[in-house]
Amino acid sequence: MSKQTESFYNTFSIFYPLADVFLRAQKKVLFKETNDLPEGNLLEIGVGNGSHFKFYKKHCITGIDTSGAMLELARKQIVGNIRLLKMDGKALLFDDGQFDSVVISRVIAVVDDPGQLMAEVLRVLKPQGQVFILNHFTPDNWLRFIDHAFKPISKFLHFKSVFHVHDIPTIKKFRLLKEVHFGFASYFKLLIYQKK
Ligand SMILES: C[S@@+](CC[C@H](N)C(=O)[O-])C[C@H]1O[C@@H](n2cnc3c(N)ncnc32)[C@H](O)[C@@H]1O
């Protein structure tokens, strides 16, 4: 993550709950899927303000983020077995094969090098481990023109409005298990991959 993105999230952390309001349905599906997994070690990359913590039912959670301000907010949301660390998802300080699953919610189009992020995810996942990516992806339909129109502004908001999963080179090292769509006019998808 660039220093500018880190400082962007440090500055706007206080407004962050507003953005969360629009994704309740999508997140409900995400946590239904993670809670259906057997118990295990789950890493969430880019935990933000920790609004997800209350939804995790049985895993041992490690949450990381590069924004100190976001982590401060997240610390107040801790319930149960949750460890929080300031760390870059592109340079994880964990040994290989530590985690059963990884959650990346609205982070993959924020990091400057999603390929490196996914290479790190691959490394820290156990064999057959799963990764849950909830994000906006540029659709093939007319909505793609909105993404392209928004591109110059999105730089200032520190994310890529034009974003395709097939542009991430390391994604080929995972097997796609499930793709959940959220309706015709939604940019959001939940992609569930497994380490090959
Ligand atoms: C749009 S917010 C999403 C927060 C939360 N995951 C959610 O879905 O509500 C993006 C978060 O990712 C964090 N982030 C950005 N780049 C990161 C990186 N390279 N490593 C870890 N966290 C990162 C930001 O600080 C911010 O808290």
- Message: Could you check region 62-92 and list, in sequence order, the residues that are out of contact with any helix residue (DSSP H, G or I) (no Cβ under 8 Å at 6 or more places or on another chain) and closer than 16 Å to residue 11 by Cα?
- Response: 71
- Is it fair to say residue 35 is of a type outside the set (Phe, Trp, Tyr), away from the ligand (no atom under 11 Å from the Cβ) and at pLDDT 95 or above? yes
- Any residue in region 126-151 that's within 16 Å of the ligand (Cβ to nearest atom): show its pairings with residues that are open to solvent by 20 Å² or more (accessible area, probe 1.4 Å) and of a type in the set (Asp, Glu) at Cβ separation under 9 Å, as long as the two are six or more apart or on different chains. 132/33
- Message: Taking the conditions exactly as written (open to solvent by 70 Å² or more (accessible area, probe 1.4 Å), modelled with pLDDT under 90 and either in contact with a strand residue (DSSP E or B) (Cβ under 9 Å, 6 or more places away or on another chain) or of a type outside the set (Ser, Thr, Tyr) (or both)), does residue 57 satisfy them or not?
- Response: no
- Please go through region 157-185 and pick out each residue that is closer than 13 Å to residue 26 by Cβ and without any contact (Cβ under 8 Å) to a residue 12 or more places away in the chain. 181, 183
- Query: All but one of (1) surrounded by fewer than 18 Cβ atoms within 10 Å (Cβ to Cβ); (2) in contact with a Gly (Cβ under 7 Å, 6 or more places away or on another chain); (3) not acidic (Asp, Glu) hold for residue 93; which doesn't?
  - Reply: (2)
- Task: Say whether the condition of being open to solvent by 10 Å² or more (accessible area, probe 1.4 Å), out of contact with any Ser or Thr (no Cβ under 8 Å at 6 or more places or on another chain) and on the phi > 0 side of the Ramachandran plot is met by at least one residue in region 138-146.
- Result: no
- Item | Hits in region 70-84 (condition: open to solvent by less than 30 Å² (accessible area, probe 1.4 Å) and either in contact (Cβ under 8 Å) with a residue 60 or more places away in the chain or assigned to a helix (DSSP H, G or I) (or both)) | 70, 71, 74
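The values are calculated or read from the model by the stated rules, or taken from the named source; none is laboratory data. Bear in mind that the values here come from a model prediction, so they are computed numbers and not experimental data. Heads up, the Cβs are rebuilt from the backbone with ideal geometry, glycines too, and the neighbour counts pull from every protein chain shown. All accessible areas refer to the heavy atoms of the entire protein, side chains included, with ligands and DNA or RNA removed. Shrake-Rupley method; radii C 1.70, N 1.55, O 1.52, S 1.80 Å.
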